[in-house]
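Have a look at the structure below, then the notes.
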Protein chains: 2
Amino acid sequence: MREAADRLGFVANAAARSLHSGRTYTVGMITTDSIGRFSIPLLIGAEGALGAGQVSVFLCDARDDPIREQYYLRTLLSRNVDGIIVTGRRTQARAPIAAGLHVPVVYAFISSADPHDCSVVPDEADGARRAVRHLLATGRRRIAHVTGPEHHHSATVRAAATEQTLRAEGLDLATPVLFGQWSEAWGRQAAGVLLAAGADVDAVFCGSDQIARGVAEGLREAGRAIPGDVALVGFDNWDIMVEGCRPALTSIDMDLEGIGRSAAELLLAAINGDPVRGRRALPCRLVPRASTAAG
Amino acid sequence: MREAADRLGFVANAAARSLHSGRTYTVGMITTDSIGRFSIPLLIGAEGALGAGQVSVFLCDARDDPIREQYYLRTLLSRNVDGIIVTGRRTQARAPIAAGLHVPVVYAFISSADPHDCSVVPDEADGARRAVRHLLATGRRRIAHVTGPEHHHSATVRAAATEQTLRAEGLDLATPVLFGQWSEAWGRQAAGVLLAAGADVDAVFCGSDQIARGVAEGLREAGRAIPGDVALVGFDNWDIMVEGCRPALTSIDMDLEGIGRSAAELLLAAINGDPVRGRRALPCRLVPRASTAAG
């Protein structure tokens, strides 16, 4: 292997470098739930920032299993990682992964319930505000909000920000928030509910792109034109959903890759003796498409 | 950190274990293109098999960049990994990642053009055969095939197996293979092409779930009942597509997680001095749903 490494022109020896600095130039990344749609961009962002700093990433997938999570934590500690990033698909605060660790930990997308821990999360309320302001700016006034389950943190945060933003303009939602599921099927069903209620909405802001796609289908099949009759905004800016939607869906992007990158940069700073404490909420971005285009 | 590790009940010291065995109990996983929908299940499968063997995974995302790929390879070699898994989203054979490496390498999903290298790939022709046989078994005879670009390896392999399977039953495709894009938009367009051609098909086998979803939409909006008039089979068994499709889509599952697991097991065997050479193609699985249900 030495020979192959030489032929590839590799000079520095990682083990020697580690002896010299006391660092292993490795970082652990634990996804508390399964690796999936939300953790990939986080991972890509973190991996990019760490790779540029010549730090390698150990990936650990705890699959919603606390025992597996603690097993991985011990494995990472026994490997003398320089730091740990904890990610997961829920934005709700979670218990710290362990107390009294002597390596820095940064939480990405999820946040630690300990306010002294370093967490980087999306500002979901900011995302909802951007969606509502965009609809208001394009002349919509009778706005409905269709979203996920009422017990889900993201659904309640986005719904509350939606109502507050409307109230600040002297408006109410056209109907009470429609809480349901994070699915297209619920979106289709919710379109039926809105039509049956005779709410005469001119815009629907949805808590996810999947829901929005279902709403689009339901409205179109009932003969409503999008955006002519009803403008539509989703949440997530998930490529296959916003492009598969007819018409293409305006959506809110949480910049997951930026969150991953930011978490990695804060971890590298902490490893270098410059830790930042507390929760950082990064702004979202509105990506306008045909579903809210002007007449 | 030692203190924390002790408190967590961790006994073995990875560095000490490494000195003893000459192994680092780490494996590198290089995704040649970006981490995404296809690499996640591969990664989960591999990570599961390796984690159970107490081996940690270094994740490297080469992002379609050969320079980045060689950089990561050197990094992994300098870290004295015990072996390397190379993955990517294309099933077409690729050039070996490097010649003369003194650590084992296994290719997963993608395969190495060197027949002596160890590669684990899905048997896509087997998948196409299962789809066609399922349609024949449910009484369909006028079958069309709508798929991705003609220059794409997966599209041509699946199309060839589709035609061969029909011919073995004395049948031809109802229309020549419709090559296009891996998108819903192409599926909708292809539905129009089929209807305009008056091909009177009673089944469409699609090269991807996204295409199938577009075909379903196009046919439904033209008043054709699925599966009453036309049965539909997709490829990938991608949860959000097969569930979002109306009706729910019968599809072919390549068992990506199984491919990742198998690749990891073969890598562990090679590390333990028992290497397997050559290309292994794992069978696919048909997952029947409403789109091919009997009347």
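A short reminder: the numbers here are calculations on the coordinates, not readings from a lab. Computed from a prediction, not measured in an experiment: that's the story for all the values here. Glycine gets a Cβ as well: all are built from the backbone with ideal geometry, and neighbour counts include every protein chain shown.
Values as computed for the structure displayed
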| read-out | value |
| --- | --- |
| Residue count for the range A:33-49, restricted to those that are crowded, with 24+ Cβ neighbours inside 10 Å, more than 8 Å from every other protein chain (Cβ to nearest Cβ) and touching a helix residue (DSSP H, G or I) at 6+ places or on another chain (Cβ under 6 Å) | 2 |
| The range B:241-295, subset of a type in the set (Val, Ile, Thr) and surrounded by fewer than 19 Cβ atoms within 10 Å (Cβ to Cβ), residue nearest to the chain's Cα centre (by Cα) | B:Val287 |
| Residue selected from the range A:56-73 under the condition crowded, with 18+ Cβ neighbours inside 10 Å and under 15 Å from B:Val57 (Cβ atoms), by the criterion farthest from the other protein chains (Cβ to nearest Cβ) | A:Ala62 |
| Every pair of residues 6+ apart whose Cβ atoms lie under 9 Å, when the first sits in the range B:90-106 and is touching a residue at least 40 places away in the same chain (Cβ under 8 Å) and away from chain A (no Cβ under 14 Å) while the second is in a loop (DSSP other than H, G, I, E, B) and among the acidic types (Asp, Glu) | B:Arg90/B:Asp33; B:Val106/B:Asp117 |
| Meets criteria (more than 15 Å from the chain's Cα centre (by Cα), closer than 28 Å to B:Asp172 by Cα and of a type in the set (A, V, I, L, M)) for B:Ile226 | yes |
| Qualifying strands (runs of 3 or more DSSP E) (wholly inside the range A:179-295; at least 2 residues being out of contact with any Pro (no Cβ under 9 Å at 6 or more places or on another chain) and closer than 19 Å to A:Glu150 by Cα) | A:203-206 |
| Some residue of the range B:92-104 being within 20 Å of A:Asp61 (Cβ to Cβ) and crowded, with 22+ Cβ neighbours inside 10 Å | no |
| Matching residues in the range A:115-154 - criterion: being assigned to a loop (DSSP other than H, G, I, E, B) and basic (Lys, Arg) | A:Arg140, A:Arg141, A:Arg142 |
| Any chance A:Ser208 is under 16 Å from A:Ser154 (Cβ atoms), surrounded by fewer than 20 Cβ atoms within 10 Å (Cβ to Cβ) and of a type outside the set (A, V, I, L, M, F, W, C) | no |
